[in-house]
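Undergrad: Got a structure here, written out as structure tokens. Questions coming.
What follows draws every value from the coordinates through simple rules; no lab data is involved. Because the structure is a prediction, the values reported are computed rather than measured. Because the Cβ atoms are built from the backbone with ideal geometry, glycine has one as well, and the counts that use them run over all protein chains shown.
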Amino acid sequence: MATEPASNVLSIHFRYARSAAEFSAIRNPGINLVIWRRNQDPALASVVDGFNAAEDCDVEAVLDAQEPDVWMFLDGCPAGAARDMLAADIDFLVRRFGVVMGRRAVRAHLETVATDACRLFHVDAAGLRMLVTYSGFGTQWAGNGDVRRDQLTAQGRAFDAANRAIVPRQSDIRTARPWWVLLQKGESYPGNAGNGIVHRSPPVEGTGARRLRLCLDEVS
Ligand SMILES: [Fe+2]
């Protein structure tokens, strides 16, 4: 019988935040995911959907969480309403992420994703990571009680077979919606070894689907 390998793996391991002020719940032992289910005005969201459909984006920089220079960060993106919206939101989230981490340096990566590079369910080696998919399918994750951690990594199998072994029931796969914020805790967060949140990028390659995703990381 499969058992969870570590005592810090809790079945109630994620929280829904009602606002960014509740991101701090991620610091609690055993919590490995905080989700802020934000709603975006459909008309505004469609502006970013249009940007995502038309532009390839791949910008990465280390920002000061207390004074993020998001305009320099977004210099390569075409000027317009979508860039203004993204700038405001990235500024807000970088500051919040810095507060949660207790550090000033944040690595920010805004990119268009049209491949399946991260489609295998996995845990991050990182400490904390914040993810937002502004347009397209959001990050997928599964609850601690729904995953087989002993099956993590492909182990020589095709990715589809490995994914079915890691998350045996398709109905247990949860998908974030655009604009939702996922604050994830990985394996290297102090005290969290064996309890990284199991997640993946949704498979989109060959479908024509594109995602516009922001990833914020600690700078080691
Ligand atoms: Fe990941």
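Undergrad: Can you check what the net charge comes to around residue 78, using other residues whose Cβ is under 12 Å from the Cβ of residue 78 (Lys, Arg +1; Asp, Glu -1)?
TA: -3
Undergrad: Using the Cα atoms of the range 1-159 to build a convex hull, what is its mean projected area in square nanometres?
TA: Dividing the Cα hull surface by four gives the mean projection, 11.1 nm².
Undergrad: Further question on the same structure: Once the other residues with Cβ under 9 Å from the Cβ of residue 36 are scored (Lys, Arg +1; Asp, Glu -1), what is the net sum?
TA: Around residue 36, the surrounding residues sum to +2.
Undergrad: Quick one: Karplus J couplings for the range 120-137, per residue in order, coefficients 6.51, -1.76, 1.60, θ = phi - 60°, nearest Hz, x for Gly and Pro?
TA: 7, 4, 7, 10, 7, 6, 5, x, 10, 9, 10, 10, 9, 9, 7, 8, x, 5
Undergrad: Next up: Give me the percent relative contact order of the chain, please, defined on Cα pairs under 8 angstrom at least 6 residues apart.
TA: Computed over the chain, the figure is 30 percent.
Undergrad: Another question, if that's okay. So what's the convex hull volume per residue for the Cα atoms of the range 57-101, in Å³?
TA: Normalising the Cα hull of the range 57-101 by residue number yields 66 Å³.
Undergrad: Next question, about the same structure. With an 8 Å cut-off on Cα pairs and a minimum separation of 6 or more residues, tell me the relative contact order of the range 41-131 in percent.
TA: RCO, the range 41-131: 37 percent.
Undergrad: Which residues' amide hydrogens lie under 5 Å from the amide hydrogen of residue 17, considering only partners 5 or more residues apart or on another chain, with H built in the peptide plane?
TA: 35, 36, 37
Undergrad: Across bins of 5 angstrom width beginning at 0, how are the C-alpha pair distances of the range 164-220 distributed, in whole percent?
TA: 4, 11, 20, 22, 21, 15, 5, 2, 0
Undergrad: What residue among 128, 154, 65 has its Cα farthest toward the positive end of the dipole of the range 52-179, where the charges are +1 on Lys, Arg and -1 on Asp, Glu, each on the Cβ?
TA: 154
Undergrad: GNM, the chain, Cα, under 10 Å: largest mean-square fluctuation among 80, 30, 127?
TA: Judging by the Gaussian network model, the answer is 80.
Undergrad: How compact and how long is the range 87-214, expressed as Rg and Dmax of its alpha-carbon atoms in Å?
TA: Here Rg and the maximum Cα pair distance are 15.0, 43 Å.
Undergrad: Now for a separate question. Give me a comma-separated list of calculated 3J(HN,Hα) values for the range 147-164, in order, Karplus coefficients 6.51, -1.76, 1.60 applied at θ = phi - 60°, integers in Hz, x for any Gly or Pro.
TA: 10, 9, 5, 5, 9, 4, 6, 5, 6, x, 9, 5, 4, 4, 5, 5, 4, 5
Undergrad: Starting from the Cα of residue 75, step 7 Å along the direction of its Cβ; do the same at residue 177; then give the gap between the two resulting points in nm.
TA: Result: 3.7 nm between the two label points.
Undergrad: I would also like to ask the following. Provide the per-residue ³J(HN,Hα) series for the range 16-33, in order, calculated from phi with Karplus coefficients 6.51, -1.76, 1.60 and θ = phi - 60°, each as a whole number of Hz, with x at glycine and proline positions.
TA: Taking θ as phi minus 60°, the curve returns 9, 8, 8, 7, 5, 5, 8, 4, 4, 4, 5, 6, 5, x, x, 6, 10, 7 Hz for the range 16-33.
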